[in-house]
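The values are calculated or read from the model by the stated rules, or taken from the named source; none is laboratory data. Just so it is clear, the model here is predicted, and its values are computed rather than measured. Positions of Cβ are backbone-derived with ideal geometry, glycine not excepted, and every protein chain shown enters the neighbour counts.
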Amino acid sequence: MPYIGKSPVHGNFNELTDVSGSFDGSETDFALTESISSTAITPILPAALLISLNGVIQEPTTDYTVAGTNITFTTAPAATDEFFGVVMGTQLDVGTPSDSTVTPAKMNITSALVPASANGAALGSASAEWSDLYLADGGVIYFGADQEVKLTHVADTGLTLKHTATADDKPINLTLQTGETDMAADDVMGKISFQAPDEGTGTDAILVAAAIQAVSEGDFSSSSNATRLEFMTGASEAAATKMTLTSAGKLGIGVAPSHSLQVAAGADTDAMYLDVNGNLFITDGNVQITNPSGADQAALNVTQSHTSAVAANFAGPVTVEAEGGTATTNVSLGLCKAWVRTSGTAVTVSDSFNMSSVTDSGVGLYAPVINNNMSDGAYAVISSADDKQDGGAIFVHNINDAVAQATTGYGTSFKKYAYAATDANQNAASSVLGDLA
């Protein structure tokens, strides 16, 4: 009658090679091979074999066992015994797939692919790495058992690294580490580079255009990890160091700094620098101070608590632009280089600047002595005098032509309205304009 029931599963049934030729009554172990191709057979379990000796089916695990590609009989077959064997079922269909036979279409993963337990499996290994990882727009990589740190793709923009904890003092910290075990002077510890490698014009355009790197200043030790930051930019070159911040907090622009702040101008590495005492030195170039357009404030405002608010040493003239905005004036030439004020007939010096003394040379004749000499005798002297307003006594204060005007001083004379020489009975003053020596 026809078969009633579930259709049988067709498997890869294979006849085993007849091993009866090796039966000798003492040997119990025999190799299992496929009868046609002589390929070694590895049954998944003893029951997968149908073994017959002299037409009698042998019971698995009782009459024989299987280990790898060998069968072991409990009782050694006699030399006259006949052997027949078949490896049965679908075992060959469910074995290990051949290399490169499982395609992505066959896997078709539609849900989360998770390990058996938390922290239970790795993706790849030290010797079997994945080549590429593709994530969709907005894809997120979570780190940690609490997923508190995440790296998120921002479509068409870049990446966002975030610490998701909302408690106080939970910053995101990105640490660049080196595996070096012996940090020596000038070793680069970490570096961030900026580049446009796909720029079509090539050559300089595709070189690293800018970078920031941390460089050791000396050999690291248990008491020293001195490191400087180098800021690198390129113009028509691979990015090179243009600004340096040392471990001591010294900042150099165009130069490795030896001062608190140091700026190079061409070959002059000390064109401008700020020393540890807060003194600013400009050794080359010009200082230009401009007032913000429309701002009602001073372009330069100097406050001080010392004897000298501003001290300058110029080899040439100092000029400023006039109020009209076109003409300039020479500040150093326009300054008063010395002045003195005396009072009474005793020629008492009330106050002075750059004057060491005033000599009383006779009635109505005074000779101021300049402290820091003038460059020559062709300087201008401006003088004035007054009286006690006692009625009619008008004084005239002039340069004394009888005294040669020298770099060290000059002479003055006092006369009344009648041009008679007389001592000033109140105040007299004179000032000097010109070039100092």
Which condition number does residue 115 fail, the rest of (1) farther than 30 Å from residue 218 by Cβ; (2) assigned to a loop (DSSP other than H, G, I, E, B); (3) modelled with pLDDT of 95 or more being met? (3)
Of those in region 101-126 that are polar (S, T, N, Q) and within 20 Å of residue 146 (Cβ to Cβ), the residue farthest from the chain's Cα centre (by Cα) is 117
Sort out for me the strands (runs of 3 or more DSSP E) sitting completely within region 243-292 that have 1 or more residues that are loosely packed, with under 14 Cβ neighbours inside 10 Å and at pLDDT 85 or above. 280-282
Filter result for the condition that a residue is of a type in the set (A, V, I, L, M), on the phi > 0 side of the Ramachandran plot and in the same structural domain as residue 404 (by TED's automatic domain parsing), over 340, 347, 369: 347
Restricting attention to region 203-217, report how many residues are more than 18 Å from residue 251 (Cα to Cα), out of contact with any Phe, Trp or Tyr (no Cβ under 8 Å at 6 or more places or on another chain) and not charged (D, E, K, R). 4
Of the numbered conditions (1) touching a Ser or Thr at 6+ places or on another chain (Cβ under 8 Å); (2) modelled with pLDDT under 95, residue 239 satisfies every one except a single condition; which is it? (2)
The correct count of residues that are more than 28 Å from residue 378 (Cβ to Cβ), free of Cβ contacts under 8 Å to residues at least 60 places away in the same chain and assigned to a strand (DSSP E or B) in region 337-358 is 1
Which ones in region 38-64 are surrounded by fewer than 17 Cβ atoms within 10 Å (Cβ to Cβ) and in contact with a Pro (Cβ under 6 Å, 6 or more places away or on another chain)? 47, 61
For region 226-265, give me the residue count where each residue is of a type outside the set (A, V, I, L, M) and touching a helix residue (DSSP H, G or I) at 6+ places or on another chain (Cβ under 9 Å). 3
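Condition check ((1) outside the structural domain of residue 213 (by TED's automatic domain parsing); (2) in contact (Cβ under 8 Å) with a residue 12 or more places away in the chain; (3) in contact with an Asp or Glu (Cβ under 6 Å, 6 or more places away or on another chain); (4) surrounded by fewer than 10 Cβ atoms within 10 Å (Cβ to Cβ)) across all residues:
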| site | (1), (2), (3), (4) |
| --- | --- |
| 100 | yes, no, no, yes |
| 107 | yes, no, no, yes |
| 111 | yes, no, no, yes |
| 117 | yes, no, no, yes |
| 146 | yes, no, no, yes |
| 151 | yes, no, no, no |
| 160 | yes, no, no, no |
| 174 | yes, yes, no, yes |
Every residue from region 193-211 that is over 13 Å from residue 238 (Cα atoms) and β-branched (Val, Ile, Thr): 201
For residues that are at pLDDT 55 or above and aliphatic (A, V, I, L, M), scanning just region 82-102, find the one that is nearest to residue 43 (Cα to Cα). 87
Selected residue (criterion: modelled with the highest pLDDT) from residues of region 399-437 that are surrounded by 15 or more Cβ atoms within 10 Å (Cβ to Cβ) and among the charged types (D, E, K, R): 415
